[in-house]
Amino acid sequence: MNLPITDASANKPPPPSAPGVQSGPISRSPEEVIGSVLRRLPQNGLVMTTSFGMEGAALLEMLYQANLPVRVAWIDTDFHFEETYELIRRVQARYSRLVFERFSPALSPQEQARVYGEALWSRDPDRCCEIRKVEPLRHILDTASVWITALRRSQSPTRAGIEHVMWDWQHNVLKVSPLADWSREQVWEFIQSHGVPFNPLHERGYPSIGCTHCTKPVAGAGPADYTRQGRWQGTGKTECGLHGRYPAPGHPASAATPDLQHAGERNRNTPGSA
Ligand code: SF4
């Protein structure tokens, strides 16, 4: 069966053949990244963000088993599916040692409608995501020294250059993504073999789950398939803006030198930042 699945790993260049030379991402298992990186970093600023998709569910289980003092921050956009809210309740009960923190947008849905008009997501989804996701994320990262994510390279071309450990120039924080090497199949196998709670919408054709207004099922997609085609359909938008673009190594954009001057300006202009 041909599924409309995006797999950016198919476009990745082959690894370098010169002995002793390593360019591009190094292959590491999630457990190696957790054990050899996260354990060695300051333990009082470890913050994982998640929208409780399948990848986030798997990573939560790994971090819990590793007994790391991780704070789990999630953004309540007010527009999640009821299945997502129910999963959050189950996850909080299962991982009782972890600290869960809920962050909200500054505007309620009613206030947003008063200021920007009804259904902003249908007219200006970038503005809506900025208000309901990106601004709350800035507050989350104000107190984080390490930002832990469940991003994977093969999720989309814009994530193909994600490294296990990298500096996030958009938010000026160290970012660790233990699942960077994994495929969706590996995530799904882990979920099943460890009895990890997951969003039942994944079994109803929703490979990637966000807000109700901007998430649709994808025909033929099962829980082991991943595509972002069900998100913001018909708009050309594929990312909410929480994560920058990470083109694959070798892509011209990946060679861009970080703009230190503007990174500093962004930091100074970030609401609530020091
Ligand atoms: S995903 Fe849609 S509803 Fe949710 S914040 Fe973004 S534009 Fe708004």
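The values are calculated or read from the model by the stated rules, or taken from the named source; none is laboratory data. Because the structure is predicted, anything quoted here is derived from the model rather than measured. Cβ sites come from the backbone with ideal geometry, for glycine too, and all protein chains shown count toward neighbours.
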* The listed residue being within 16 Å of the ligand (Cβ to nearest atom) and surrounded by fewer than 21 Cβ atoms within 10 Å (Cβ to Cβ), out of Pro125, Pro197, Pro136 -> Pro125
* Of all residues in the range 165-181, which are part of a loop (DSSP other than H, G, I, E, B) and buried (at least 21 other Cβ atoms within 10 Å of the Cβ)? -> His171, Ser177, Pro178, Leu179, Ala180, Asp181
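Would it be correct to say that Ala113 is of a type in the set (A, V, I, L, M), part of a loop (DSSP other than H, G, I, E, B), without any contact (Cβ under 8 Å) to a residue 40 or more places away in the chain and within 15 Å of the ligand (Cβ to nearest atom)?
So Ala113 does not fit the description; no.
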* Structure fact -> So, first residue more than 17 Å from Glu239 (Cβ to Cβ) in the range 208-219, second residue at pLDDT 95 or above and among the hydrophobic types (A, V, I, L, M, F, W, C), Cβ within less than 6 Å, six or more apart or across chains; the pairs are Thr212/Phe79; Thr212/Phe81
* Can you name every residue in the range 200-222 that is under 17 Å from Arg90 (Cβ atoms) and more than 16 Å from the ligand (Cβ to nearest atom)? -> Pro200, His202, Glu203
* Index of the failed condition, His80 passing every other in (1) at pLDDT below 95; (2) within 19 Å of Gly241 (Cα to Cα); (3) not small (Gly, Ala, Ser) -> (1)
* Structure fact -> Filtering the range 204-218 for residues that are in a helix (DSSP H, G or I) and under 20 Å from the mean Cα position of the chain (by Cα) leaves a count of 3
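Filter the range 116-150 for residues that are part of a loop (DSSP other than H, G, I, E, B) and within 19 Å of Thr77 (Cβ to Cβ) and give the result. Give the derivation first.
Here is the first cut: in the range 116-150, the ones part of a loop (DSSP other than H, G, I, E, B) are 117-119, 124, 143-145, 149-150.
The answer is Gly117, Glu118, Ala119, Asp124, Thr149, Ala150.
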* To do: State yes or no: is Pro258 modelled with pLDDT of 95 or more, surrounded by fewer than 19 Cβ atoms within 10 Å (Cβ to Cβ) and either of a type in the set (A, V, I, L, M) or not in a helix (DSSP H, G or I) (or both)?
  => no
* Please work out which residue is farthest from the ligand (Cβ to nearest atom), limiting yourself to the range 59-100 and to residues that are free of Cβ contacts under 8 Å to residues at least 12 places away in the same chain and farther than 28 Å from Ser29 by Cα. => Arg89
* Inspect all residues belonging to the range 8-25 and state whether any of them is over 28 Å from Arg138 (Cα atoms) and either at pLDDT 95 or above or β-branched (Val, Ile, Thr) (or both). => yes
